Amino acid sequence: MITQTIDGITFKMKTPYDFGFLRRYGKVFTVFDDQDSGNICFGVEGIEGIEGAEGDGKKLFVKYAGAPTAEYEGEPADAIARLKWAVAVYQDLAHPHLIAYRFSEEVGGGFAAVFDWVDAECMGKQYPVSRAKFMELPLGTMERIFDDILAFHLHVINRGYVAIDFYDGSILYDFAANRTYLCDIDFYAKRPVTNTMGRMWGSSRFMSPEEFTLGAPIDELTNVFLMGAVAFALFGGEMDRTFTKWKISTPFYQVALKAVEESRAGRYPTLKEFSEAWRAAVK
């Protein structure tokens, strides 16, 4: 592992890589180098002459595949193929709570997907400072964030997709604007989906039993489990799903617990029914 510096920002790489092409987008002001997906991400500011961009001084988020990132064990070509696939997913699932896709291109020997920058911080455990800040939000605010996450995933189901590899690192929050954003939906896929891997991509804290079972269906019931797991991440003890760790009222706990039933038959049959039960718990 080595370190590189661009525009005064130091980051980790497996081996050196020429990121000089980033100057076409602007000046790098931050780097996200902890992903194990084969992508490395940059915040850049100040664009000139790029089709799809909107004027100088605009901040963008650049997700890049093809470089030998520090945490990725696969082939760069596979990371490039996945990111190219993901572009269509972001376009199909455009939503007010999803980071906004702008354009993409082959550049620098790899592939870049470019999004609007949002002034938000990540809930993921890989970012302990922002996570701690996030987890200290008032419970009422956390309930609204969960509503935003649920609304997006109802949209996902309605668009014929299933969520795969969603976890706390996909949740962003703009503390100044009180706004939820979601990112890293690269593995979301059109239904029907079958588990062809055994253990699928994702954080085990958010994964259903079928995401560890070769040949199992990955479908709306899988996403019901996911939303229950997200509820326990926000309001409970994550993998410790006992009531003693639960922070909000009992009716919510009962809804979340049903959603994360190991047995698929024990869960809510649709995400809409889970959502209705969650909203009924408010009353």
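The values are calculated or read from the model by the stated rules, or taken from the named source; none is laboratory data. Bear in mind that the values here come from a model prediction, so they are computed numbers and not experimental data. Here the Cβ is made from the backbone with ideal geometry for all residues, glycine too, and neighbour counts use every protein chain on show.
Of these, Gly20, Gly26, Gly49, which one is on the phi > 0 side of the Ramachandran plot and either modelled with pLDDT of 95 or more or loosely packed, with under 14 Cβ neighbours inside 10 Å (or both)? Before the answer, list the steps.
On the way: Gly20 fails: on the phi > 0 side of the Ramachandran plot; Gly26 fails: either modelled with pLDDT of 95 or more or loosely packed, with under 14 Cβ neighbours inside 10 Å (or both).
It is Gly49.
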Scanning the stretch 108-121 for residues that are closer than 23 Å to Trp85 by Cβ and either part of a strand (DSSP E or B) or basic (Lys, Arg) (or both) gives Gly110, Phe111, Ala112, Ala113, Val114, Phe115, Asp116
Per the list (1) of a type in the set (D, E, K, R); (2) buried (at least 18 other Cβ atoms within 10 Å of the Cβ); (3) closer than 22 Å to Gly202 by Cα, residue check on Arg102 breaks on (3)
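Return yes or no: is Lys190 touching a strand residue (DSSP E or B) at 6+ places or on another chain (Cβ under 9 Å) and among the basic types (Lys, Arg)? Please lay out each step first, then the result.
On the way: touching a strand residue (DSSP E or B) at 6+ places or on another chain (Cβ under 9 Å): yes; among the basic types (Lys, Arg): yes.
Against the criterion (touching a strand residue (DSSP E or B) at 6+ places or on another chain (Cβ under 9 Å) and among the basic types (Lys, Arg)), Lys190 qualifies.
Quick check on Ala189: is it more than 25 Å from Glu73 (Cα to Cα) and either of a type outside the set (Val, Ile, Thr) or modelled with pLDDT of 95 or more (or both)? Lay out the reasoning, then the answer.
Values: more than 25 Å from Glu73 (Cα to Cα): no; either of a type outside the set (Val, Ile, Thr) or modelled with pLDDT of 95 or more (or both): yes.
No, not satisfied.
Considering each of Ala163, Ala151 in turn, give the residue that is closer than 16 Å to Asn223 by Cα, over 14 Å from the mean Cα position of the chain (by Cα), of a type in the set (Gly, Ala, Ser) and assigned by TED's automatic domain parsing to the domain that holds Ile248. So that I can check it myself, show each step before the final result.
Details: Ala163 fails: over 14 Å from the mean Cα position of the chain (by Cα).
One residue alone meets the criteria, Ala151.
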Within the stretch 197-236, residues crowded, with 21+ Cβ neighbours inside 10 Å, in a helix (DSSP H, G or I) and of a type in the set (Ser, Thr, Tyr) come out as Thr222
